[in-house]
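The values are calculated or read from the model by the stated rules, or taken from the named source; none is laboratory data. For clarity, every value in this text was computed on a predicted model and none was experimentally measured. FYI the Cβ positions are ideal-geometry reconstructions off the backbone, even for glycines, and counts take in every protein chain you see.
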Amino acid sequence: MNNILYSNGIRFFLLVATQVLICNHINFLGYINPYIYILFIALFPVKNNRVIIICLSFLLGISVDLFQDSGGIHAAACVFIAYVRPVILKFSFGMMYEHQTVKFDSVDFGAKTAYLVILTLLHHLVLFSLEIFSISKIILVLQKTLFSSIFTILLCLVITIIFSRKNR
């Protein structure tokens, strides 16, 4: 239990630090930004209480909001994906999720990719909808969501492959 708490605590601080110090300064073409901090929510152990992940997601989002001075939009997007995470897990992993046996280091690459894609698209859609907050600019919201999601998904997949504990 302490090992899980320790590793998730380290992951939390490393992802927030990486987001704040590196990723927040990446801005391709004015609307492509990576948001790799959502990996904390994606990789959080499945067996833990749902209230814990929602509270930690709020802390994660508000931490990024404090450094970006973005008024709570990251916190809202993080809480949203933490709330819908069980549905996405069930859709992506099926019976493995039902039996609480999902281990992200040992699941099929396609299922892991589908899970990350859905989680990232939902996060970015909520984030950019709140950031722009104008129905007349829905094309801009969708454009930022699509391109930032592609970049974020690629970075998240590379990070999970590099830091995978799976023995080869």
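General remarks:
- Every residue from segment 45-71 that is in a loop (DSSP other than H, G, I, E, B) and either without any contact (Cβ under 8 Å) to a residue 40 or more places away in the chain or under 19 Å from L140 (Cβ atoms) (or both): N48, N49, D69, S70, G71
- The requirement of being over 23 Å from L125 (Cα atoms) and surrounded by fewer than 19 Cβ atoms within 10 Å (Cβ to Cβ) is not satisfied by D69.
- Y83, sole failed condition from (1) closer than 15 Å to T152 by Cα; (2) surrounded by fewer than 19 Cβ atoms within 10 Å (Cβ to Cβ); (3) modelled with pLDDT of 90 or more; (4) not aliphatic (A, V, I, L, M): (1)
- Within the option set S164, S106, S70, S148, being within 22 Å of F12 (Cβ to Cβ) and at pLDDT below 90 holds for one residue only, S164.
- Selection count, segment 10-55, where residues are modelled with pLDDT of 90 or more and more than 21 Å from V117 (Cα to Cα): 10
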